[in-house]
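Each remark here refers to the structure printed beneath this line.
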């Protein structure tokens, strides 16, 4: 039987590179990964021509705008966020429907306001973003869901994994903490914002399983288990890394940032097998 063609967009990003790797191992799939050097996803006519020529059966969009604070400060950047996070997902979902292909889109816990106490958010929760970045992602979600095609919308939070191969790729919290630790013996971390972390290799495997299992199309929450604050995660990082670092717990106001963050935005996975705790994944991350 012929392999199913899979197209991964944003293939050099932290998640994209793992998706290419994980799907490539499965002989059921023939995988092609494109990043900005191979395709401009904002040039819809040219992107449509190129994607239709490849004729994928599965389109996975791991490309996104994630400069949370920058798009809060600049209208130009906010428009860029809307293009990449809202218009591109709409274009890809429409194209996938036209090709009768499965589409996979990733979103974020920042579509929620974090005001429901410490209950977290399941897949049925109603988004209410409190930042421009969150709004751009919510617009993308609505655009994907409106197509009523073969679409998986997967929410994650606080992605970490091997550094992105793309130029200017965003570094994870843990990478930044390890860099700080090279020159300092003490660091401060916010202790009043709590959510889940997501290990890129685990999310890639969970995405593959979702498709292989022919799971119903719709919304899924696939973070690693065990919610944590930035402070709690920093403590765990240095404990596992056996580094003698002093970590001070501070309120969010200590680090003024243009964009508001939800105080408690743990994503509850109620539809799929639970991913391992982020602490187990973090240990693997440090050893790899």
Label of the coordinate-derived value, volume of the Cα convex hull per residue in Å³, listed as [x] 156; [y] 143; [z] 127: [z]
Among beta bridges that DSSP assigns inside the chain, antiparallel share in %, nearest 5: 5 percent
Cα gyration tensor category, rounded, prolate or oblate, for the stretch 239-284 with a/c compared to 1.5: oblate
Cβ-based exposure ranking for 20, 88, 111, in which fewest neighbours within 10 Å come first: 20, 88, 111
Candidates 139, 123, 115: whichever shows maximal mean-square fluctuation once the chain is modelled as a Gaussian network with Cα springs under 10 Å: 115
Principal-axis tilt of helix 278-287 within the chain, Cα atoms, nearest 10 degrees: 90 degrees
Anisotropy class of the stretch 204-253 from Cα gyration tensor, a/c 1.5 cut: oblate
Rounded, prolate or oblate (a/c below 1.5 giving rounded, otherwise prolate when a/b exceeds b/c) for the stretch 186-288 by Cα gyration tensor: oblate
Computed FRET value (nearest 0.05) for residue 173 with residue 32, which takes r as the C-beta separation and R₀ as 25 Å: 0.25
On Cα atoms only, tilt of 14-25 relative to the major axis of the chain in degrees: 50 degrees
Inter-label distance for residue 128 and residue 185, nm, one decimal - labels placed 7 Å from Cα along Cα-to-Cβ: 4.7 nm
Value at 222 nm in deg cm²/dmol, rounded to 500, when DSSP H runs of n ≥ 4 in the chain each add -39,500 (n - 2.57): -10500 deg cm²/dmol
Fluctuation leader among 183, 109, 69 - the chain, Gaussian network, Cα springs under 10 angstrom: 183
Fluctuation leader among 146, 234, 64 - the chain, Gaussian network, Cα springs under 10 angstrom: 146
Euclidean distance between Cα centres, the stretch 249-288 to the stretch 1-52, Å: 27 Å
Degrees, to the nearest 10: 230-240 long Cα axis against longest axis of the chain: 80 degrees
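Throughout, read-outs are computed from the coordinates displayed, never taken from laboratory work. Because the structure is predicted, anything quoted here is derived from the model rather than measured. Here Cβ is always computed from backbone atoms with ideal geometry, including for glycine, and neighbour counts include all displayed protein chains.
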